[in-house]
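S.K.: Could you have a look at this structure, given as structure tokens, before my questions?
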Amino acid sequence: RTTLVLVASKSGSTLEPNVFLAYFFDRLKQVVGEAEAGRHVVAITDPGSQMQQVAERDGFRAIAFGQPTVGGRFSVLSAFGTVPAALVGIDVALLLEEASQMATACRNEDAATNPGVALGVVIGEAAKAGRDKLTFVASPGIAPLGAWLEQLVAESTGKNGKAVIPIDLEPAGDAGSYVGDRLFAYLRLTSAPEAAQDAFVEQLNLAGHPVVQIDVRDVYALGQEFFRWEIATAVAGAVLGINPFDQPDVEASKIKT
């Protein structure tokens, strides 16, 4: 009776969120009744979508609209990320201010000092040189970032027989056991680093493996990382000669499903 359900779907036609919605809406009807069930649901969707029609038909509590020109995996700083963040008590204005600082830095026309472009070039050139396994090492306090990065990178770069393959949550191995197909990205929370990870990354450096270390000041600085990595992913796609914004296999799978 005190549950609020968020259903997020840009198109409103994707199978998985619709199945989840059907399940939870049925549960809500059993508990609060059919007339009140919709008041326990908030939709996050693009204007004019099938989800908007469902929300209006079933009397959802609210509809939050995303930006139709922004792809799903690039939408974390739009309503798809900020509405859930606000509801769990995150200071969204502060998070977006951090993102805005990185956006300004990523407008720098000098690629070497542009944080998003520089990272994207490294990822793309490393992949072209055979180091296409982008392996994340993230401090425990920001470890869930890896799951978001995994989908952003994989779905953006995996097509046309090319890919940067992201690897998240892999147990640390012996530095000498890795072959020459790795690029490591160390996302180090400077306010709460882990000594074992520092030691592991130092061993990687000594063994000659390429490591990109990004110092993240605190959890709100993740706003900067969201923007940096979106730019970097787009640039890596350009370096590889693919369109990072389409998803042909995803669309084909949706149609078949």
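The values are calculated or read from the model by the stated rules, or taken from the named source; none is laboratory data. Since the model is a prediction, treat every value here as computed from it, not as a measurement. Accessible surface is based on the protein model in full, side chains and every heavy atom, while ligands, DNA and RNA are left aside. Shrake-Rupley method; radii C 1.70, N 1.55, O 1.52, S 1.80 Å.
S.K.: For segment 1-99, what does the alpha-carbon gyration tensor say about shape, rounded, prolate or oblate, given a ≥ b ≥ c as the root eigenvalues, a/c under 1.5 as rounded, and a/b over b/c as prolate?
M.R.: oblate
S.K.: Okay, next question. Rounded to the nearest 10 Å², what accessible area does residue 2 have for a 1.4 Å probe in the complete protein model?
M.R.: In the full protein context, residue 2 sits at about 140 Å².
S.K.: Helix-derived [θ] at 222 nm for the chain: sum -39500 (n - 2.57) over DSSP H runs of at least 4, divide by residue count, nearest 500?
M.R.: My calculation for the chain gives -14500 deg cm²/dmol from helical runs alone.
S.K.: Ranked from the most accessible area to the least, with a 1.4 Å probe and all protein chains present, what is the order of 220, 186?
M.R.: Greatest to least solvent exposure: 220, 186.
S.K.: With the full set of protein chains in place, find how many percent of the accessible area of segment 1-90 is carbon and sulfur; take the probe as 1.4 Å.
M.R.: On segment 1-90, the fraction of accessible area on carbon and sulfur atoms equals 54 percent.
S.K.: What is the extension gain from residue 219 to residue 257, computed as 0.36 nm multiplied by their sequence separation minus the C-alpha to C-alpha distance, in nm to one decimal?
M.R.: Taking residue 219 through residue 257 to full extension adds about 9.9 nm, to one decimal.
S.K.: Give me the percent of accessible area attributable to carbon and sulfur for segment 196-257, probe 1.4 angstrom.
M.R.: The C+S portion of the solvent-accessible surface of segment 196-257 is 57 percent.
S.K.: Nearest-5 percent of antiparallel DSSP beta bridges in the chain?
M.R.: Antiparallel: roughly 5 percent of the beta bridges in the chain.
S.K.: Let me ask something additional. HN-Hα J couplings of segment 143-150 from phi, Karplus 6.51/-1.76/1.60, θ = phi - 60°, integer Hz, Gly and Pro as x?
M.R.: Once rounded to whole Hz, the list reads 4, x, 4, x, 5, 5, 4, 4.
S.K.: Using a 1.4 Å probe, how large is the accessible area of residue 217, given in Å² and rounded to the nearest 10?
M.R.: Per-residue accessible area (residue 217): approximately 110 Å².
S.K.: Measuring with a 1.4 Å probe in the full set of protein chains, what accessible area per residue, in whole Å², belongs to the chain?
M.R.: Per-residue value: 51 Å².
S.K.: Which one, 169, 96, 149, has the greatest fluctuation when you compute a Gaussian network model over the chain with C-alpha springs under 10 angstrom?
M.R.: 169
S.K.: Let me ask another. Quick one: what Rg and Dmax do you get for segment 1-55 from the alpha carbons, in Å?
M.R.: Cα-based Rg and Dmax for segment 1-55 come out at 10.9, 30 Å.
S.K.: Could you rank 148, 229 by how accessible they are, 1.4 Å probe, largest area first?
M.R.: 148, 229
S.K.: Within the chain, count lysine pairs with alpha carbon atoms under 28 angstrom apart where the residues are 8 or more positions apart or belong to different chains.
M.R.: 14
S.K.: Of (1) 16.4, 47; (2) 20.4, 65; (3) 19.3, 62, which one was derived for Rg and Dmax of the Cα atoms in Å from the structure shown?
M.R.: (2)
S.K.: With the full set of protein chains in place, find how many percent of the accessible area of segment 114-180 is carbon and sulfur; take the probe as 1.4 Å.
M.R.: So the carbon and sulfur contribution to the accessible surface is 59 percent.
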